[in-house]
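Written out below as structure tokens is the structure these notes cover.
Every read-out reported here was derived from the displayed coordinates using simple, explicitly stated rules and does not represent laboratory data. Quick caveat, the model's predicted, so the values are computed rather than measured. So basically every Cβ, Gly included, is an ideal-geometry build from the backbone, and we count neighbours across all protein chains shown.
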């Protein structure tokens, strides 16, 4: 099978969420499965790999890639979304998965995207969705911040429960008497482990406050469980401030005073909404990376922006979210130095105006990727 990119070389560091390191080969190689997907997915993932290749050539990490064909084209040609054999290989044969994006108008019901993305999240039990929100250039925020204010928030979203389980159904569909029911599922087990992951993340990264977003006043059963469990877990972390906020008030506060938030933990649907709102405060989805983690060493990393079919083939898609997702992958797999270099290169690009049109620039996808690959070899302190 053709490779999108492929390299080998090496250095291993530490960082990210606390989780056991999965067994790798003696050379410390990070084995990465690539799913380019649909729309702009292959374009931005190609640039993320270009940057990782440059980091590997500089001796910052060791990595090997294998590309999987799963996406709309594969589904339309074969009828397969993500088969059992492919799932087993992704589960057992790799340390990480890099996903470009999935979603194609030729598949109007989104069956392939749902089976690939939600299938991997649920099937691999990737219960932590980590979405960092960081203001990397002051001019990118629509807010009026003072010179000493910034935005640096980690949104931790429960990834395997809530409304996204698909629980529910319809009666008399397509008639004036149609009834539709969607059910949100919350378990103590699922809530407790993601809340604990949020507090552990705060401890490891020196963050002082964890905020729960819920709607316990209007939805007392599901969010009541969330609130009780949050307060129970928080009692075991006396050095971390714990607070609860109704999600509507929290959304307003995010816009009014985003600097007060360190870590926000919440359920699946609310986290999906809040993370997009927060991304809008720091430059948009073109700068929004994410990681889906199981805390046992496995992760799926993807830009938040989706497949954006209207941009496919134009050469204008912003690759930075994919590149920053690759940096998260490197950090979670022990290559913190490589992650530092990649993030520093992105910050320098933004400062020097190396930007795609969504950020007010005139550079193309490949041009930005090539620039980042060139600068990633330089010391973070020099950029």
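Quick notes on this one:
- Virtual paramagnetic centre 7 Å along Cα→Cβ of residue 314, amide N under 12 Å, in the range 340-383: 357-359, 365
- Cα pair count fraction exceeding 22 Å, expressed as % - the range 142-281: 42
- The value for the range 76-208 of Rg(Cα) / (2.2 N^0.38 Å) is 1.40.
- Each principal axis of the Cα cloud of the chain was evaluated for its coordinate range; sorted largest first, these ranges are 54, 54, 44 Å.
- Using C-alpha pairs below 8 Å separated by at least 6 residues, the relative contact order for the range 126-259 is 21 percent.
- Estimated distance in nm for a label pair at residue 208 and residue 187, the labels positioned 7 Å out from Cα along Cα-to-Cβ: 3.8
- What the Cα convex hull of the range 276-383 gives, in volume per residue, is 108 Å³.
- Note on residue 146 and residue 352: the extension gain reaches 72.0 nm, defined as 0.36 nm multiplied by sequence separation minus the Cα-Cα distance.
- Highest mean packing first, where packing is the average number of other Cβ atoms within 10 Å per residue, the peptides 281-291, 111-121 line up as 281-291, 111-121.
- Only helices enter the 222 nm calculation for the chain: every DSSP H run of n ≥ 4 contributes -39,500 (n - 2.57), and dividing by all residues gives -11000 deg cm²/dmol, rounded to 500.
- Against the empirical 2.2 N^0.38 Å (N residues), the range 210-326 has a Cα radius of gyration ratio of 1.24.
- Simple label model, 7 Å out from Cα along Cβ direction - residue 92 to residue 177, nm: 5.1
- Gain in span if fully extended, residue 122 to residue 239, counting 0.36 nm per residue against the direct Cα distance: 38.9 nm
- Listed peptides 176-187, 361-372, 74-85, 199-210 appear in the order 361-372, 199-210, 74-85, 176-187 once ranked by packing, highest mean of other Cβ atoms within 10 Å at the front.
- Short-range pairs are left out: with C-alpha atoms under 8 Å and at least six residues apart, the relative contact order of the chain is 24 percent.
- On the beta carbon distance between residue 366 and residue 170, with R0 = 45 Å, the FRET formula returns roughly 0.50.
- Label sites at residue 378 and residue 221, each approximated as a point 7 angstrom past Cα along Cα to Cβ, lie 5.8 nm apart.
- Euclidean distance of C-alpha centroids, the range 240-271 and the range 122-167, integer Å: 10
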